[in-house]
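Okay, structure first, notes after.
The values are calculated or read from the model by the stated rules, or taken from the named source; none is laboratory data. What you see is a predicted model; the values in this text were computed from it and never measured. Here the Cβ positions follow ideal geometry from the backbone for every residue, glycine too, while neighbour counts run over all protein chains shown. Note: accessible area is taken over every heavy atom of the protein model, side chains too, but ligands, DNA and RNA are not part of it. Shrake-Rupley method; radii C 1.70, N 1.55, O 1.52, S 1.80 Å.
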Amino acid sequence: GHWEWTSPPDPGLYPIQVVAPDGAAEVILQAFVVVPYDRLQGDFLNGYRIGRYPEKPLRGLADYRRPVGFVEVTRENEDVMVSPHFHLKQFLCKQPADSQRYVVLNDRLLLALEQILERVNQAGYRATTFHIMSGYRTPAYNRSLGNVNYSLHQWGAAADIFIDENEDGVMDDLNGDGLIDIHDAEVLYQIVDDAARSESQGLIGGLGKYPSTASHGPFVHVDVRGRKARW
């Protein structure tokens, strides 16, 4: 059998409860009706600066087309779980904003992060979630960072992550040497790379490791670009 659901016309969060015929099991799906891309007025959507996406997709690839729309994030829905271990607010752009905020989030990224999280715990490192240092970036914010024009962060398909179980804002000491440095990022990098080699879905595409700077600690970049890239 199958079932169909017609989305409401108004943007927002619509939880869907799916109940088995015998009532023994139920699943809650979090459905977001997005604000259409064509609601943008110049660089802004309801006062929130989005900026301009590239006119042409990179090499004509579908992953780089303009997003269909934007999830509106409010104080009421920012804590909603978008996967078993990640909240919507973890992927918000870091640019300043008032109450109106928007995000683009690729569901393949969520699947990849959940898979990586499982592998991290299997490897003996405790991680209830990842600290997402950078998730979605609006084109305007991405440009302000001097990042590449086709950064997958703009399509909600990339995340800069680290493990932070003690919640001190930096990577945990994964290799146990008493230091927080690139070697801890290398531990996480290797786990992700191993997961990418063994997975059948081909979710994990780009993978990079970064050292500490004056503004942040070490981290690992993960994206779902659809092809292998390592740095």
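Report, ordered by the first and then the second residue, all pairs with beta carbons closer than 8 Å, sequence separation of six or more or different chains, a first member in the stretch 179-192 that is under 23 Å from residue 118 (Cβ atoms), and a second member that is open to solvent by 40 Å² or more (accessible area, probe 1.4 Å) and small (Gly, Ala, Ser).
Once the first residue is under 23 Å from residue 118 (Cβ atoms) and sits in the stretch 179-192, its partners that are open to solvent by 40 Å² or more (accessible area, probe 1.4 Å) and small (Gly, Ala, Ser) give 191/123.
For the stretch 118-139, which positions are over 16 Å from residue 221 (Cβ atoms) and either within 18 Å of the chain's Cα centre (by Cα) or buried (at least 18 other Cβ atoms within 10 Å of the Cβ) (or both)?
118, 119, 127, 128, 129, 138, 139 - these are the residues of the stretch 118-139 that are over 16 Å from residue 221 (Cβ atoms) and either within 18 Å of the chain's Cα centre (by Cα) or buried (at least 18 other Cβ atoms within 10 Å of the Cβ) (or both).
Here are some conditions: (1) open to solvent by less than 40 Å² (accessible area, probe 1.4 Å); (2) at pLDDT 95 or above; (3) in contact with a Phe, Trp or Tyr (Cβ under 8 Å, 6 or more places away or on another chain). Residue 16 meets all but one. Which one does it not meet?
Here residue 16 meets the rest and fails (2).
What's the total number of residues in the stretch 26-59 that are among the aliphatic types (A, V, I, L, M), open to solvent by 60 Å² or more (accessible area, probe 1.4 Å) and either in contact with a helix residue (DSSP H, G or I) (Cβ under 6 Å, 6 or more places away or on another chain) or in a loop (DSSP other than H, G, I, E, B) (or both)? First the steps, then the outcome.
So the first thing to find is which residues in the stretch 26-59 are among the aliphatic types (A, V, I, L, M), and the list is 27-29, 31, 33-35, 40, 45, 50, 58.
Adding the requirement that they be open to solvent by 60 Å² or more (accessible area, probe 1.4 Å) leaves 27-29.
Adding the requirement that they be either in contact with a helix residue (DSSP H, G or I) (Cβ under 6 Å, 6 or more places away or on another chain) or in a loop (DSSP other than H, G, I, E, B) (or both) leaves none.
Residues flagged as among the aliphatic types (A, V, I, L, M), open to solvent by 60 Å² or more (accessible area, probe 1.4 Å) and either in contact with a helix residue (DSSP H, G or I) (Cβ under 6 Å, 6 or more places away or on another chain) or in a loop (DSSP other than H, G, I, E, B) (or both) within the stretch 26-59 amount to 0.
Step by step: first the residues of the stretch 49-82, then only those that are touching a residue at least 40 places away in the same chain (Cβ under 8 Å) and in contact with a Ser or Thr (Cβ under 8 Å, 6 or more places away or on another chain), then the one that is farthest from residue 223 (Cα to Cα). Which residue is that?
49
For residue 90, indicate whether it is in a strand (DSSP E or B) and out of contact with any Pro (no Cβ under 8 Å at 6 or more places or on another chain).
The answer is no for residue 90.
Does residue 173 satisfy the condition of being in contact with a strand residue (DSSP E or B) (Cβ under 8 Å, 6 or more places away or on another chain), of a type in the set (Asp, Glu) and either in a helix (DSSP H, G or I) or surrounded by fewer than 21 Cβ atoms within 10 Å (Cβ to Cβ) (or both)?
no
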